[in-house]
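Undergrad: Would you mind keeping the following structure in view while I ask a few things?
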Amino acid sequence: MELDWWLDFLLAVLRAATPLLFCALGVLACERAGILNIGVEGSMLAGALAAVLGAVFTGNPWLGVAAAILTGLLAGLVLAGMTVYLPADQIATGIAFNLVSIGVTSFIYRLLVEGGVRLMAPSLNWGQAGGWLEPLTARLAIIPPLTLLALILVIGVQVLLFSTGPGLLWRSVGESARAAHAAGLSVLRVRSLALLGGSVLGALGGAALTLGWVPTFVDNMTMGRGFIGLAAVYFGRWRPDLMFFACLLFGAGEALAFRAQAMGAGLNPYYYLMLPYVLTLAAVAIVGMAMGPRDAGKPFLRG
Amino acid sequence: MPINLNPISDTAVAVQMEGICKSFGPVKALDSVSLTVEPGEIRALVGENGAGKTTLMTVLYGMLRPDRGQLRIAGREVGRDWSPKRAMSAGIGMIHQHFSLVPNHTVLENVLMPQLRWTRLRPEWARHRKTVQGLSEQYGFALPLDGQVGAISVGQQQQVEILKMLYQGASFLIMDEPTAVLTPQQTDALLALLGRLRAQGHTVVLITHKLAEAFAAADNITVLRRGKLITTVPCEHTTPQAVAGAMVERDWSGDVDLRLPERETSWRLEVKDLVVGEDHRQLEVDGVSLAIGPREIVGVAGVAGNGQTELAEALVGLRIARAGTVVLAGQDLSAWSIARRLQSGLRYIPENRHLNGMVADLTLAENLILDRSESPPFSARGVLNRRAMGRAAAETIADYDVRTPSPDVPMSHLSGGNQQRVVVARALASRPRVVIACQPTRGLDISATAYIRKRLVQCASEGAAILLFSSEIEELIQLCHRMLVMYRGRVVGELDASNFDTAIIGLMMSGQVAS
Amino acid sequence: MPMSLSRAGTRLRRLMKTRTSITLAGMSLLFSLLALWICVYLAGADPYEALTAMFRGAFQGRWALRTTLSEWVAITLSGLAVLIPYRAGFFNVGGQGQLEMGGVAAAVVIMHLPAPPPLALAAALTACVLAGALTAGIPLLLRLSRGASEVTTTIMMNFAAMRFMYAMITGPLQDPGAWYGTTPIVPAGYRLPLFPPGSGIPVSLFAAVGLALGAWWLLSRTVFGLHLRAVGGNRAAAAAAGIAVDRVLIKAVLMGAALAGLAGGFQYLGHTLRVAEGWSKTWGLVGIPVALLGGSPLGVLLVGFLFAVLETGSRSMQALTGVPAALVFVFQGLPVLIYLALGAGLRRMGDAVDAK
Amino acid sequence: MSKKHPGMRRVLAGLSVLLVMTLVAGCPRPAAQPAPGAEKDPVQAAVIFSIVNPARAGGWDRADWAGILALREEFGWTVTVAEGVPYGQVAATAAGFAEAGYDIVIFPDAGMTDAWHEVSPKYPKTWFVMMSMAERLPDSPRVAAWSPDLYAYGQMLGVAAAKSSRTGTIGLLGGVPVPVIAYLFSGAVEAARFVRPDIRVVTNFVGDWVDVTAHREITALQVREGADVVFALTGPGILGSYEAAKAGGARIIGHAWDLHEDAPDAILTSMILDKPRMYRDLARQFEGGMLEKKTVHVGVEYFKLADFRGAVPQATVDAIDQLVTRLRAGELPIPRVVHSIDDLLKR
C-alpha cells in the first residue's frame, strides 16, 4: 500500500472514531462519577437529529452543534432525574431510554420534515468558523472541527481526571460515594452534572456522526455506536488515553470493513461488515475487563 | 518540625441539640433527644446497639435530616441546608465506624479530599504534602502518604481518618466506635491520642458501647437507650455499674442459662496446615491447624482482617484453599463443593448477612430452606413442596420469635434483627454436625443477642461442633470451651476456658505474645 | 383533609408493601396510552380514529388476526428470553440476534436435510433452539471468564448476527428464484400446521402459551427456579447456600436464548416462511420492555399480547390516519421508563410515609 | 421483578377487562366502511411499501410516489399508503385492504411476490397489481403486473455511464447484494464494455439501504479507485453517496427518478424508470374497464435519461443520445450475460 492509501485510511479511521470518542467520553464521565450511562446511544441519536435540524433551520452548522448540546442537556436531565434522584435501575433505564429515543427521533423527524424534501444540512467545517480564525483554520483543515474537539477533550479529561483537584473529587464520587459525601461533596449533584455532561458528549457524538460525517438524518442511524463507545470505555480501563486507542481500533474496524470489500476478493460484503463488532468482541475476549470504579451502578441514597 | 495548626480554643464550638426526633419507618431511632457539648471536653456517648448514638451524631454532622428538633452550633441555629459540608466548615468532623475513605486513592489524596474545591484546578500539592507530613508526625502517625489506602492496615486507615479531620481544622471530632477494629494496644494509643487532642483544645465525642473505654478517656458520659437520652454525668461522679444500669432497660444478666455442654474427647472437624491466599501477596491464612470435637464451641478471636473471614470461607468452601486438609468426621472434604459440605452437615452463619447470608428478594420461607431445597421434605424430583416449606417457616417464626406479617414476604421487608434470626435459624436447623458461626450477634439488640447465644449453646449440647468467630471478646469468653487467637493469618495462641484473660488475649491479638 | 391524606398514605404504604409491580405495569401502560394519544394529536390525527384504526388493523379479518397472533408468539418468546436470564442476573439484550440465528439454522435444515416433513420439522426446531443458545454462548463465556458486561457483548452479537444472516440470505441460502435477499419459501408440507386446521391460529401459539406457563411453573415451583432467583437476587448468598451459581446462570441464559432461537424458528416455519431482509423486525428487542413490564412469565404473556396488537395495528394506523408508525417505538420504551420511575418514586414516597 | 401477593388477582382481572375492551374496540365497525353502491365513489387504491417514508426514500420508491400522486391528482383516486410494512406482514396488510373494500391493491416491490400470490386468490373481487418484476401471475382472476426489463434498463444506464466518464472508470453501488441488482448491474457492465471496451467497472455493495455513513465511506472508496461516475441503486442512504461524490469531485447517476433536486451539484443525471406512466396505464385501463389479467412487459420505451443539465459537454450528450436511440431500436448487439454477485465484486 502506498502512503496515500494509508493517509486516506487514517482519516477514515478518525472519521469513524470521532463519534465513538464522544460517546466513550460521555460514558467515562458518568462511570467515573458512579453512573452507568447505557442511555448514551439514545443521547447520541437525539443529538444527531437535533444537529441536523438545527443546522438546516438556521443554515449554520455551528448552531446545529449548539442544538445538539441543548438536546444532550435535555436527555441528561431526564436520565439524571431517573437514575440519580429517584433512583431507578440504571441499566434498565438506559435501555428503555434508547428505545424511546429511537421512536421520538423518528417521530419528530417525520412531523417536522413532511413532504418530499430531503434534509441535507450544511457540513461542519472550518470555513464557517469566522474570518478572524482563518490563519488558524487553514492549517487545521485536514482535521475536522469535531474530531479536533474530541481529541482536545480526550487530553483534557485525561489531565483533569488524573492530575487536578477536581479530577480527584470526580473520581472519588465514582469510587466511593460514601466517602465523597462524608467529605462534603454533594454526590447527587456531581452525578447529575456528570450525566448532563455525559449526555451532552453523547449528543456531540451524534453531531459528529451527522454534521461531521454525513450531514443528514435517517431513522436509528447510530446503529449501536453508543454501545461500541461503552465497550471502548471498558476496554480502555476507564482511562481516556487507553480509551482513545480502543476507539481508534473500533474505528479502524469500521473503516477496514469497506476497504476489504474494495480489495475485490469477491467475498460477500457482509462478512467484512461484521468486522467492527467481531473486533470489539475479540478485544474484550483477549484483554478482558478490568474493575471499573467501585461504586459505578450503585445508586446513592441520602437519608 | 511540629506544626501547631491553629489556636483551637478561639474557634472551639459549643453544640446544642434540642428535641431531635428521627424515625426510620415505624422505628423511632431518636425520640426528642437534647444534648449539649461544651468546647474542650471529651464526651462519651454510650448505649446498647440500636440506642441511637450513631443516628444522633449523623444528625449533628448533617448526614441525616431530623424529623423534628433544633440544632445550634456556637449559639446559632442551623438552617435546613445543614450538610456535612457545612458541618465541616463549622469545624465538626466525624469518623465513621465504616471509614469514609476511597480505597483506590492514596493516603495524601484521601486526607486532602475535603480541602479540594471544584474551582481550584491546581491545588498546591507540595505545600499540602508538607503540612500533612508535619501533622502526621506531630501526632505520632507513621503513614505512607503515597500508599494506597486500600493497602494499609485498618489501624492506619483510622489514623488517616483522624488526620483528615484534623487537617480540615476540625475542632469538634465525632468518633463512632473507633476501637471496634483495633487491638487493645492500638486502643490504648488511640485513647491517649484523645487526651492529646483535648490538650490542644479539641472537643471529642466518642461513641462506644465499651464502658471501660468511656471511663478511660471521657470527661462526661451521656447514656442513650432506645432513642431516648437517659442521663449525662461526669465520669468522676459515677461508676461503670451505674452507667451499665442506665444502658440496659431492665436488670438483665446475659449468662443466666448459658451452661456449656460437656465437650467430648473425639474430634469432629480437623483442619491441618490450611493455606489461603495468592502467590504474590501476603497469605490470608497461613498454615492454620485446629480441631473441634462434638458438643464443643471453639472461639476464634482476632482483630478484623487477620484472616478470620478467609479461614471461615475456606472451611465452608467459598474460597479455595491452596494447601492443607479439612477433615469432617474422618472424611477429607478439601475438594468438595459447598453443596456437598452442606449435605454432610457443615453449616455456616456468614458475618455479613447482606453480602452472603440471604437473598433479600426471596421470601422468608424460601431463604430458610435455600441450602436444603434439594432434599426432602422440601422438594421431590426437583419440584418444591410448598407445604413443607410453609411448615418449616412457621416453626422457625415461632421458635425464633421472628416478627413478620407472613412467611411469604420478601426478606427485605424484615428488620435487621429478624433477618439475622432467620439466617441463624437456617444454619442451626436440621441438626448440623459442624457450624461455622461468624459474628452471629453483630448489630443485634440485647434480647436477640441473648437468644442467639442460647441457641448456639443448645446446638452444641445437641452434638454439634461449633467454630465461633467473634469480635466481641466477652462473647467468646462467655460461650467458648477454648479460644484461638489469630494474627496475620496464623493461630498465635490457644487458651482454655480456665485461663481466659482479656489482657493476654489482647496482647496475642496484636501479635506480641504467643502461647 | 389530613384524615384523607393519612388514609392515602396508608393506602400507598400498603401498595408498596405488597410490591404491586403488576399495578405499576398497568399504570405505566395507561400513562403511555395517554402519551400516545397526545402524540397522535400532535401528528394531526383524531386520536380515537387512530386507535380504532390500530385495533382494526390488528384484529379485523383472518390475516390480521393471524399476524397478530404470530407476533404474539415471537414477542412472548423474546420476552421470556430476556426474563429468565434477567431473573438469574444476566441482562440478555441479544434476543434479536439469537432469534435471527434461530431462523437461519431452521432454514439451513429445511433446505438441506433430505428428510420427510415431520422429521425435518423436528430437526429444524432443534436446530433453531441450538442456534439461539449457541449465539448467547459467546457473551456468556465472556461474562464468566472475562467478567465482560453482557449488555455490551450481547448487543455486539446482535449486529454480528444480523450481518451473518444477511450474508447467508444473499449468499449460500439465497433463493435462486427470488429478486431480493431471501431463502426459498418453506415447502408446503414443511410448515408449522395451524390448529384447529384451517383456522388462523398457528400451532406455535399454543407452544408459546405453554412455554410461558411452563416458565412460570419452573420459576416459582421448582428447585431450579428457586436457585435461579436466588442467584439473580444475591449471587454470593446463593453460592454460600451451596448453589452451583455458574451452572444455574449458564442454564438460565441458555434456556432464555434457546427460547429466542425457537421464536425465530417458529416465525420462519409458521409465519414468514422465509428468512429474508427485515423478516425478524424488532421482535428480539421488543422482548426487553415486555420482560421488564411483564415481570413474570404470565405478565410477559399479557404485555406481549398488547405489544403484538400495537405492532400489527400501527401499520394500519399509519395507513389510515397518516400517523407515523415510528410511534410504536415510543410506546415500547415509554411504559418501561414510567414503570421504573413510578416504582422508584413510590418506593421513596413509601419510605417518606413510613417515616412520618 | 414481580412477587406473588394477594392483590395480584384483582389486578389481573382489571387487565383482562382492558384486554377485552381492546378486542371489542378492534371489532369491525359497519359505520367506518364505505357505503356500497353509492354513486361516483372515487376509486379506492392502496399501495404497500416496505420502507418508511417513500416520498423521501430511494429513487425506486419516489418514482412510485410520483405514480401515486398521478393517481390522486390526475384521476381523482383515493390512494392509501401503508409504509414500513415488513415483507412478512404484507399479506395481512393487503388482505386488510381487500376486506375493507378497496378496489386495487398495488405492490411496488418484488419482495412482495409471496404476499401477492398468497392473498389474491382469497379476494377475487379486488385487483392486485405488481409494479415490479413478475415472472408469473398468481392464480386469481384480477391480477396484473407491470414488469420492467431491468436488464435493458441496466444496458441504457451502462451506455450513459461509460460514455460520460472521463477517467474511464465507473462505479456501480448497490444497497444490498440481491439478485435483482446483480441482474441490472450485469446489463450495465455488458453495455459499458460494449460501447467502451477499455472501461473499468468497480462494483460495491453497502450492505444496507439506510446507513448514510457507510454509503459515504464506500462511495468515497469508489471515487478513490478512479470512478468519476457512480450509479447508486440504494435507499435513503444515498445521501451519504452524494456527500462522498461532492468531496471527491465525482458525479452520481440517480436511479428510477430524477434526483437532481436532491443534490444539484452531485447528480450527473438519472436513469429514469417511468413509473408514473405505469400507474397511468393502470388507471386508464381500470377506468376504461380494460384492465385484464396479464403481465405488461415494461421495456425501453419506459426508460429514459434525465437532462444532464450541462454536467457533461454537449458532444457527449449527443453521443449518448445517439447510442440510446440505437439501443431502443435494438441496433446494439450487446450480449445478454448475467453475472453473479461474486463475479461483479471481483476487480
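The values are calculated or read from the model by the stated rules, or taken from the named source; none is laboratory data. Since this is a predicted model, take the numbers as computed values, not measurements. Counting neighbours? That spans all protein chains shown, and the Cβs are built from the backbone with ideal geometry, glycine included. All accessible areas refer to the heavy atoms of the entire protein, side chains included, with ligands and DNA or RNA removed. Shrake-Rupley method; radii C 1.70, N 1.55, O 1.52, S 1.80 Å.
Undergrad: Test of understanding: among C:Gly299, C:Gly242, which residue is within 12 Å of another protein chain (Cβ to nearest Cβ), buried (at least 22 other Cβ atoms within 10 Å of the Cβ) and at positive phi?
TA: C:Gly242
Undergrad: On the given criteria, is C:Gly233 within 14 Å of chain D (Cβ to nearest Cβ), surrounded by fewer than 24 Cβ atoms within 10 Å (Cβ to Cβ) and at pLDDT below 95?
TA: Here the answer is yes, as C:Gly233 does meet what is asked.
Undergrad: Being away from chain C (no Cβ under 14 Å), open to solvent by 10 Å² or more (accessible area, probe 1.4 Å) and not in a strand (DSSP E or B) narrows it down to one of B:Gly287, B:Gly324, B:Gly305, so name that one.
TA: When all the criteria are applied, what remains is B:Gly305.
Undergrad: Which members of region A:189-239 meet the condition of being buried (at least 24 other Cβ atoms within 10 Å of the Cβ), more than 14 Å from chain D (Cβ to nearest Cβ) and among the polar types (S, T, N, Q)?
TA: Of everything in region A:189-239, just one residue is buried (at least 24 other Cβ atoms within 10 Å of the Cβ), more than 14 Å from chain D (Cβ to nearest Cβ) and among the polar types (S, T, N, Q), namely A:Ser199.
Undergrad: Residues that are within 16 Å of D:Ala283 (Cβ to Cβ) and either modelled with pLDDT of 90 or more or outside the structural domain of D:Gly237 (by TED's automatic domain parsing) (or both): which helices (runs of 4 or more DSSP H) entirely in region D:1-102 hold 2 or more of them?
TA: It comes to D:59-75.
Undergrad: Can you tell me which residue is least open to solvent (accessible area, probe 1.4 Å) among those in region C:108-122 that are free of Cβ contacts under 8 Å to residues at least 12 places away in the same chain and over 19 Å from C:Pro193 (Cα atoms)?
TA: Top of the filtered list is C:Leu113.
Undergrad: Kindly provide the set of residues from region C:320-330 that are in a helix (DSSP H, G or I) and surrounded by 24 or more Cβ atoms within 10 Å (Cβ to Cβ), ordered by number.
TA: Passing the criteria: C:Leu327, C:Val328, C:Phe329.
Undergrad: Is one or more of the residues making up region D:194-211 in contact (Cβ under 8 Å) with a residue 40 or more places away in the chain, of a type outside the set (A, V, I, L, M), open to solvent by 10 Å² or more (accessible area, probe 1.4 Å) and assigned to a helix (DSSP H, G or I)?
TA: There is at least one residue in region D:194-211 that is in contact (Cβ under 8 Å) with a residue 40 or more places away in the chain, of a type outside the set (A, V, I, L, M), open to solvent by 10 Å² or more (accessible area, probe 1.4 Å) and assigned to a helix (DSSP H, G or I).
Undergrad: For residues in region B:375-388 being without any contact (Cβ under 8 Å) to a residue 24 or more places away in the chain and in a loop (DSSP other than H, G, I, E, B), which is surrounded by the fewest Cβ atoms within 10 Å (Cβ to Cβ)?
TA: The residue in question is B:Arg381.
Undergrad: When you go through (1) within 13 Å of chain D (Cβ to nearest Cβ); (2) among the hydroxyl-bearing types (Ser, Thr, Tyr); (3) open to solvent by less than 30 Å² (accessible area, probe 1.4 Å) one by one for C:Tyr86, which number turns out not to apply?
TA: Exception for C:Tyr86: condition (3).
Undergrad: Could you check how many residues of region D:76-107 are among the acidic types (Asp, Glu) and surrounded by fewer than 20 Cβ atoms within 10 Å (Cβ to Cβ)?
TA: 2
Undergrad: Scan region B:337-374 residue by residue and report those that are in a loop (DSSP other than H, G, I, E, B), closer than 29 Å to B:Pro294 by Cα and in contact with a Lys or Arg (Cβ under 8 Å, 6 or more places away or on another chain).
TA: B:Ser344, B:Gly345, B:Glu351, B:Ile369 - these are the residues of region B:337-374 that are in a loop (DSSP other than H, G, I, E, B), closer than 29 Å to B:Pro294 by Cα and in contact with a Lys or Arg (Cβ under 8 Å, 6 or more places away or on another chain).
Undergrad: Sticking with this structure for a sec: Inside region B:479-515, can you point out the residues that are part of a loop (DSSP other than H, G, I, E, B) and within 23 Å of B:Lys454 (Cβ to Cβ)?
TA: Result: B:Cys480, B:His481, B:Phe500.
Undergrad: Further question: Looking only at region A:249-270, filter to residues that are outside any loop (DSSP other than H, G, I, E, B) and either small (Gly, Ala, Ser) or surrounded by fewer than 19 Cβ atoms within 10 Å (Cβ to Cβ) (or both); which one of those is nearest to the other protein chains (Cβ to nearest Cβ)?
TA: The residue in question is A:Ala262.
Undergrad: If you take the residues of region C:136-149 that are facing chain A (nearest Cβ under 9 Å) and open to solvent by less than 10 Å² (accessible area, probe 1.4 Å), which of them is modelled with the highest pLDDT?
TA: Out of the qualifying residues, it is C:Pro139.
Undergrad: On to the next question. Identify all residues within region C:150-186 that are among the polar types (S, T, N, Q), more than 9 Å from chain A (Cβ to nearest Cβ) and assigned to a helix (DSSP H, G or I); write none if there are none.
TA: C:Thr154
Undergrad: How many residues are more than 7 Å from chain C (Cβ to nearest Cβ), more than 25 Å from the chain's Cα centre (by Cα) and among the β-branched types (Val, Ile, Thr) if we restrict to region B:336-372?
TA: 2
Undergrad: For the structure I just gave you, tell me whether B:Glu270 is more than 14 Å from chain C (Cβ to nearest Cβ), open to solvent by less than 20 Å² (accessible area, probe 1.4 Å) and among the charged types (D, E, K, R).
TA: Spelling it out, it is not the case that B:Glu270 is more than 14 Å from chain C (Cβ to nearest Cβ), open to solvent by less than 20 Å² (accessible area, probe 1.4 Å) and among the charged types (D, E, K, R).
Undergrad: Now for a separate question. Find the residue count for region B:121-139, including only residues that are open to solvent by less than 80 Å² (accessible area, probe 1.4 Å), free of Cβ contacts under 8 Å to residues at least 40 places away in the same chain and farther than 13 Å from B:Glu109 by Cα.
TA: Counting residues in region B:121-139 that are open to solvent by less than 80 Å² (accessible area, probe 1.4 Å), free of Cβ contacts under 8 Å to residues at least 40 places away in the same chain and farther than 13 Å from B:Glu109 by Cα gives 1.
Undergrad: Let me ask you something else. Of all residues in region B:471-495, how many are closer than 23 Å to B:Ala321 by Cβ and open to solvent by 10 Å² or more (accessible area, probe 1.4 Å)?
TA: 7
Undergrad: OK, next. Name the single residue, out of those in region B:78-120 being in a strand (DSSP E or B) and open to solvent by less than 10 Å² (accessible area, probe 1.4 Å), that is farthest from B:Val149 (Cα to Cα).
TA: B:Ile92
Undergrad: Of everything in region B:21-73, what is assigned to a strand (DSSP E or B), within 14 Å of chain C (Cβ to nearest Cβ) and crowded, with 21+ Cβ neighbours inside 10 Å? Give them in sequence order.
TA: Residues satisfying the conditions are B:Lys22, B:Ala29, B:Leu30.
Undergrad: Separate question: Does D:Met156 fit the bill of being open to solvent by less than 10 Å² (accessible area, probe 1.4 Å), aliphatic (A, V, I, L, M), at pLDDT below 95 and in a helix (DSSP H, G or I)?
TA: Spelling it out, it is not the case that D:Met156 is open to solvent by less than 10 Å² (accessible area, probe 1.4 Å), aliphatic (A, V, I, L, M), at pLDDT below 95 and in a helix (DSSP H, G or I).
Undergrad: Got at least one residue in region A:163-184 being hydroxyl-bearing (Ser, Thr, Tyr), open to solvent by less than 20 Å² (accessible area, probe 1.4 Å), on the phi < 0 side of the Ramachandran plot and without any contact (Cβ under 8 Å) to a residue 40 or more places away in the chain?
TA: The answer is yes; a qualifying residue exists.
Undergrad: Being assigned to a loop (DSSP other than H, G, I, E, B) and either buried (at least 17 other Cβ atoms within 10 Å of the Cβ) or touching a Phe, Trp or Tyr at 6+ places or on another chain (Cβ under 7 Å) (or both) is the filter here, so list the residues in region B:211-225 that pass it.
TA: The answer is B:Ala218, and nothing else.
Undergrad: Is there a residue in region D:168-175 that is facing another protein chain (nearest Cβ under 8 Å) and under 30 Å from D:Ala46 (Cα atoms)?
TA: No, region D:168-175 contains no residue that is facing another protein chain (nearest Cβ under 8 Å) and under 30 Å from D:Ala46 (Cα atoms).
Undergrad: If B:Ala180 satisfies all but one of (1) farther than 30 Å from B:Ala503 by Cα; (2) outside any helix (DSSP H, G or I); (3) aliphatic (A, V, I, L, M), what's the number of the condition it fails?
TA: Unmet condition: (1).
Undergrad: Additional query: Return the residues of region B:478-496 that are over 20 Å from B:Asp188 (Cβ atoms) and free of Cβ contacts under 8 Å to residues at least 60 places away in the same chain; say none if nothing qualifies.
TA: Scanning region B:478-496 gives B:Glu494, B:Leu495, B:Asp496.
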